[in-house]
Amino acid sequence: MSDKRFVVNKEGIFDNKTKKVYLFVAYDWIECEIYEVVELLNKLAEEKERLKKEVENLQSNMMESLGNHRKYEKSLEEENKELKQQLDKIPKNIKEIWLK
């Protein structure tokens, strides 16, 4: 498992990335252990990283698909150009009958 981004110390929650300590103010109506909060923060940080990688993979796949699409489109354009050249070689009177 990866290093935890958030850890509990006596002063509050320490963020390893920003190197800052975050203090919590306790209210009577909050019934949550600080360790539960830290665990949740770490899970969310891990989920964020996983989603970030997933987005990068999706972007990479999209760019690859777009490149493939452009290659296919270019090949179709070239094929269309060749067909038009072949069509131009057909005598006009035959072409008129054939295209009706």
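Since every read-out is calculated from the coordinates, none of them should be taken as a lab result. Because the structure is a prediction, the values reported are computed rather than measured. Cβ: placed from backbone, ideal geometry, glycine included. Neighbour counts: every protein chain shown.
Got a sec? How would 90, 97, 13 order by Cβ neighbour count within 10 Å, fewest to most? Let's see the in-between values first.
On the way: 90 12, 97 8, 13 18.
The fewest-first ordering by Cβ neighbours comes to 97, 90, 13.
Label-to-label distance, residue 68 versus residue 15, with points set 7 angstrom from Cα along the beta-carbon direction: 4.0 nm. Straight-distance candidates among the lysines for linking to residue 81, with alpha-carbon spacing under 16 Å and chain neighbours fewer than 8 residues away dropped: 71, 89. Sorted ascending by nearby beta carbons within 10 Å, beginning with the fewest, 88, 15 become 88, 15.
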